[in-house]
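Below: the structure, in structure tokens.
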Amino acid sequence: MDIHEYQAKEVLSNFGVAVPEGALAYSPEQAAYRARELGGEKWIVKAQVHAGGRGKAGGVKLCDSDVEIHEACEDMFGKKLVTHQTGADGKGIYRVYVEAAVPIEREIYLGLVLDRSSQRVMIVASGEGGMEIEDISAEKPDSIVRAIVEPAVGLRDFQCRQIAFKLGIEPGLVQQMVRTLQGCYRAFTELDATMVEINPLVVTGDNRLLALDAKMTFDDNALFRHPQIAELRDKSQEDPREARAADRGLSYVGLEGNIGCIVNGAGLAMATMDTIKLAGGEPANFLDIGGGATPERVAKAFRLVMSDKNVQAILVNIFAGINRCDWVAEGVVQALREVEVDVPVIVRLAGTNVEEGQKILAQSGLPIIRASTLMEAAERSVGAWRNDLSQGVKVRAVS
Ligand code: ADP
Ligand code: MG
């Protein structure tokens, strides 16, 4: 789960990371009022969306009057911000963060990630942070500093000093850098984060080290341990299809194609998507109904897939180990009777109670296209979607 910049700043500041003064606003008037409360002469108005690259996309604006704050906000509220990280649809702006503008001497990049090859937390830093960090890492990969944290002993101060020296941080600020790194590491481990990023971490004109931007991502599976973090979820920033699925206990990943997939198990979902591609189609989603799927759960999955307007065929591919093919078949029949499904439905069942499952499908009288192997199922789905299969009769809602 991602959180907003202003939330990440609050979390990190509780762990000793220094951040500029700022305030949240839900309207242009409130933003101007907040700026007056903060005092000073220059402010930065920042769109709060779950994505980086806001600066280059017009989501971060320097203002030096009430009028400018109003104008900056008018350009943001209710609009979608499209950055290189949001995809073409962009993300809606419903909150802005107003911050005192800080005089920047130097911008540093700092990130903490889970490094899968070493199975450790890795600190990644660069002396040339800011909005061009992607270019720097591509053009001057050697300028990136990396350090791995040994979990048994945790992050040691000497490692932090080493990073500070490599970045060329002046001696007077090294202690502050140690505090910042330790704070990020503690926040990362204690809150079960999977990513902490400060870009830029700046040296200010008056020689302070401040986090001007902050991003944090948390491990969804550990959120139950951190209700105060789980509360920060902002559904307006998530793919609505995925948010609806998560609320129903289904794992769903929305994709760009038009063949909806209802599958059990992530491995089978991957194989199904690969096979659809091999057969010349494009999956519209990845929906894992999990083990022990009841007919109700299958029906829920159908509702969810049908709510995606791109879906032009649905492939149900179940390998029943813990699951039971007869339950899944009942779920499919129930779904087709309850949900308006006006696209071809292809079902491939294998495993426990497969004969009973096939019987239920056959006796239902519904024009369900059946397949016995994965390849056949994928080919029939693609064929039905292209409407060039003789069996590709459209299923109409039966109530
Ligand atoms: P993003 O990474 O989404 O583009 P940032 O928060 O990093 O957004 O802001 C973009 C740039 O705007 C920063 O690299 C920094 O140069 C500038 N900036 C951000 N916040 C402030 C601030 N409070 N004072 C001065 N400059 C800022
Ligand atoms: Mg940034």
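The values are calculated or read from the model by the stated rules, or taken from the named source; none is laboratory data. Just so it is clear, the structure is predicted and the values come from calculations on it, not from any experiment. Positions of Cβ are backbone-derived with ideal geometry, glycine not excepted, and every protein chain shown enters the neighbour counts.
The number of residues in the range 199-214 being within 9 Å of ligand 1 (Cβ to nearest atom), in a strand (DSSP E or B) and under 19 Å from Val113 (Cα atoms) comes to 2.
Thr217 passes every criterion in (1) within 16 Å of ligand 2 (Cβ to nearest atom); (2) outside any strand (DSSP E or B) apart from (2). The condition (being within 14 Å of ligand 1 (Cβ to nearest atom) and either of a type in the set (Gly, Ala, Ser) or touching an Asp or Glu at 6+ places or on another chain (Cβ under 8 Å) (or both)) is satisfied by just one residue among Ala23, Ala32: Ala23. All told, Phe218 meets the bar of being more than 16 Å from ligand 1 (Cβ to nearest atom), closer than 30 Å to Val174 by Cα and not aliphatic (A, V, I, L, M). A count restricted to the range 128-150 and to residues that are more than 16 Å from ligand 2 (Cβ to nearest atom), in a loop (DSSP other than H, G, I, E, B) and under 13 Å from Lys166 (Cα atoms) stands at 0. Are there any pairs with C-beta distances below 7 angstrom linking a residue in the range 301-317 that is more than 11 Å from Arg244 (Cβ to Cβ) to a residue that is at pLDDT below 90 and among the aromatic types (Phe, Trp, Tyr), with the two at least 6 apart or on different chains, and if so which? Between residues of the range 301-317 that are more than 11 Å from Arg244 (Cβ to Cβ) and residues that are at pLDDT below 90 and among the aromatic types (Phe, Trp, Tyr), the close pairs are Gln312/Trp385; Ala313/Trp385. When the range 174-193 is filtered for residues that are among the β-branched types (Val, Ile, Thr) and farther than 17 Å from Tyr109 by Cα, only Thr189 remains.
Condition check ((1) modelled with pLDDT of 90 or more; (2) under 30 Å from the mean Cα position of the chain (by Cα); (3) not in a helix (DSSP H, G or I); (4) not hydrophobic (A, V, I, L, M, F, W, C)) across all residues:
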| site | (1), (2), (3), (4) |
| --- | --- |
| Glu340 | no, yes, yes, yes |
| Ala350 | yes, no, yes, no |
| Glu356 | yes, no, no, yes |
| Ile360 | yes, no, no, no |
| Glu376 | yes, no, no, yes |
| Glu379 | yes, no, no, yes |
| Gly383 | yes, no, no, yes |
| Leu389 | no, no, yes, no |
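Of the residues screened, Val174 is one that is away from ligand 2 (no atom under 16 Å from the Cβ), touching a helix residue (DSSP H, G or I) at 6+ places or on another chain (Cβ under 6 Å), more than 28 Å from Gly53 (Cβ to Cβ) and not assigned by TED's automatic domain parsing to the domain that holds Lys46. State all residues of the range 80-115 that are part of a loop (DSSP other than H, G, I, E, B), charged (D, E, K, R) and crowded, with 16+ Cβ neighbours inside 10 Å; if no residue qualifies, say none. Selection gives Arg95 alone.
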